[in-house]
Every structure is written in C-alpha cells, then in structure tokens.
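FYI, it's all coordinate maths here, none of it is from the lab. As the structure is a computational prediction, the values presented were derived from the model and not from experiment. Glycine also receives a Cβ, built like all others from the backbone with ideal geometry; neighbour counts cover every protein chain displayed.
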Amino acid sequence: MSLDPSVKKVLELLKNIELSSLTVEQARKLMDMGIERQIKEDVKSTSDFKITYNDISLSCRLYEPFTTTDALIIYYHGGGFMFGNIELFDHVYRKAANSSGCKVISVEYRLAPEHKFPAAVDDAYHSFRWIKDHAKNFDINPSKIAVAGDSAGANLATVTCLRCKDTSVELPKLQVLFYPVVAPDVCSQSVRQFGDGFFLTRASMKWFTELYLSSAKDLVNPYMFPIFHQNPGGIPEAIIITAEHDPLRDQGEMYNLFLLEAGIQSICIQAKGMIHGFLNFSYLIPSAVTIADMVWCVAGKKLNM
C-alpha cells in the first residue's frame with residue numbers, strides 16, 4: 001500500500017532532518033517545536049503531580065475525560081529514550097483519555113544520555129508500582145490499569161510488565177504498544193525498505209541506542225530488548241500497533257508472534273500508509289486520529305470488562 005497522502009506531506013516537511021547529525025540539545029529543541037503546532041482536545045481536567053522513589057522525582061500529569069470509569073492508562077512517551085516530555089505528547093494523552101473513557105497518567109521518565117539504561121526502565125517500573133499503590137488517591141481500581149506507550153515508551157511499557165512478572169508484583173491488566181522498540185533489528189525487510197527517508201532512519205536508531213546503552217552487554221538484556229526474555233508467559237494481554245512504512249514494523253510484528261508463542265493473548269494491527277511516530281503527527285494526519293480512536297476505544301472496553 002502506498003503512503004497516506006497526509007503522511008507524504010509530513011515527510012516533505014521532514015525531508016532535510018536527520019536527528020543523528022545534531023547534538024542532543026539541538027535534537028530536543030527541534031522536536032519540541034512540535035508543541036506549538038498541536039491541536040489539543042479538551043478534557044474534563046488535568047493535574048500535575050510528582051512521584052518520588054529512592055530520592056528520584058518524576059513529573060506526571062493526570063488527564064480525566066468528561067465521561068470516565070475507574071480504569072487508568074499509564075503512558076510512557078516515545079523519543080528514542082533521549083527526547084520527549086509531557087508537553088510534547090500532551091495531545092496524545094488527551095486523545096487517549098477521551099477515546100478510551102479512562103483516566104490517563106503520563107510519566108516523564110529520565111532521559112539518556114544523562115541517564116543511561118536502566119534509568120528509564122527503573123522509572124517506568126517504580127512509577128507503575130507507585131501509582132498502583134496510590135490508586136485510591138486517583139479514584140482508580142488497581143485491577144483496571146493498563147500500561148501503554150509509543151516507540152521507546154512502548155518498550156518501557158512491555159518491559160514494566162516483564163519486570164513485574166519477574167519480581168512477583170501484581171501485573172497491569174493490559175499493555176498497548178504503538179510501534180514498539182523490542183529487538184536489536186538491523187537487517188529485517190522493514191529496516192532495509194524504510195530505514196531512510198521515512199522519518200526514523202537507521203542512523204538515528206543507531207544513535208539513540210548508543211546514547212541509551214551503558215555497555216555492549218546491555219544489547220542482550222531483556223529489559224532493554226524484551227525479545228530476549230526467556231519466559232514472558234503470564235504477562236498481560238497486548239495490543240500492538242505497527243506502521244506499514246516504519247523500520248520498526250517487523251520487530252513489532254515479530255514481538256506479537258513471540259507473545260503468542262508464550263501463550264499470551266496478543267493482537268497486532270498494522271496501520272496502513274503510516275510512518276513511525278504517526279501518533280505525534282496526528283494533528284497533520286487525519287487517518288492517524290482514526291487509528292488512535294479505534295485503538296483507545298478497544299483498550300477502554302478491555303479494561304472495563
């Protein structure tokens with residue numbers, strides 16, 4: 001299938017941008033320029049708060065839709081583990097809340113290269129535990145919590161599930177993974193076909209990995225690349241969304257098979273005509289809004305079953 005017409009326009013805007021050619025600060029400033037272009041849905045309320053564990057403080061924001069249940073989606077943003085913040089993904093969280101009918105909490109985890117692996121993993125895991133322990137404060141049923149994310153954030157969501165299993169902590173009910181980073185893929189068909197000219201490039205993927213990892217041995221750590229986990233059986237049901245024109249497409253679809261083979265209920269949806277990061281560009285891509293609506297609606301129904 002060909003690129004969505006609106007995606008073509010986005011790629012035209014991005015055609016001269018190669019993040020790996022910039023400094024970390026330049027890349028962050030460039031991506032934060034998207035904040036001004038967002039089209040934000042109204043929600044009933046938002047409130048900012050802090051999570052503190054082991055003397056580490058994380059900024060969070062609670063989003064409450066106009067019609068809500070006692071279910072919650074905890075969302076970890078994307079950004080290659082090195083950029084991204086609550087404001088950059090604010091429109092994504094609002095859409096998730098309204099379309100799912102669930103409250104949403106966004107967690108601003110620590111970023112590389114200032115904080116290398118496993119800092120972000122620790123933040124995701126401990127923030128989930130903190131929120132679950134304080135569920136009553138948010139009028140949340142602790143048995144109706146999903147973890148979700150996109151790209152690097154999807155990695156943190158599914159790794160949180162694995163780490164909860166490994167530490168005998170009560171698991172989330174559901175995981176929602178948009179174009180997840182789950183394997184050290186450098187040679188799949190999707191990488192070969194879409195590794196240049198489709199926003200996320202081979203060069204930027206390599207750069208993000210180098211900035212995030214502490215040492216080469218991290219490459220086979222299942223909390224870095226969950227495809228290496230020896231026994232994922234028992235983690236929550238997964239909804240995996242890949243983008244047709246994304247170098248990460250094949251690893252996301254492989255992860256779906258990995259979970260199914262472990263006896264985990266999982267569904268993989270390939271978003272036709274889309275590129276990596278389409279949630280972030282949804283204010284420019286009408287079809288991306290439709291896809292997000294569908295996914296969050298299904299997630300909300302599953303949480304409230």
- Note on the structure: Note on the chain: contact order normalised by length, alpha-carbon pairs under 8 Å, 6 or more apart, percent, works out to 20 percent
- Provide the FRET efficiency to the nearest 0.05 for the Thr46-Met294 pair, computing r from the beta carbons and using R0 = 22 Å. 0.40
- Task: For region 223-279, count the residues as N, evaluate 2.2 N^0.38 Å, and divide the Cα radius of gyration by that value, please.
- Result: 1.16
- Query: When the gyration tensor of region 1-107 is built from Cα positions, what are the square roots of 5 times its three eigenvalues, in whole Å, from largest to smallest?
  - Reply: 28, 21, 11
- Item | From phi via Karplus (6.51, -1.76, 1.60), per-residue ³J(HN,Hα) for region 64-74 in Hz, x at Gly/Pro | 10, x, 5, 10, 9, 10, 9, 9, 9, 10, 8
- Cross-link reach list, lysines versus Lys144, counting only Cα pairs under 16 Å and skipping chain neighbours closer than eight places: Lys103, Lys132, Lys136, Lys173, Lys301, Lys302
- Rounded if a/c under 1.5, otherwise prolate or oblate - region 1-63, Cα gyration tensor axes: oblate
- Note on the structure: Fewest to most Cβ atoms within 10 Å: Arg129, Arg192 sort as Arg192, Arg129
- Item | Cα-based Rg and Dmax for the chain, where Dmax is the largest Cα-Cα distance (Å) | 17.6, 50
- Item | Backbone HN-Hα couplings from phi across region 48-61 [Karplus 6.51/-1.76/1.60, Hz, Gly and Pro as x] | 8, 7, 10, 10, 10, 8, 6, 6, 9, 10, 10, 6, 9, 9
- Note on the structure: Taking every other residue with Cβ under 13 Å from the Cβ of Asp196 and scoring Lys and Arg +1, Asp and Glu -1, one gets +2
- For region 279-284, 3J(HN,Hα) per residue [Karplus equation, 6.51 cos²θ - 1.76 cosθ + 1.60, θ = phi - 60°, Hz, x = Gly/Pro]: 4, 5, 9, 4, 5, 10
- Query: What ranking of Thr242, Thr67, Thr158 emerges when the number of other C-beta atoms within 10 Å of each C-beta is taken as an exposure proxy, fewest first?
  - Reply: Thr67, Thr242, Thr158
- Message: Using the crude model of +1 on Lys and Arg Cβ and -1 on Asp and Glu Cβ, and no other charge, please compute the dipole size for the chain relative to its Cα centre, in debye to 20.
- Response: 260 debye
- Note on the structure: In the chain, helical segments from DSSP H whose Cα atoms cover 24 Å or more along their own axis and that average at least 1.6 on the Kyte-Doolittle scale are none
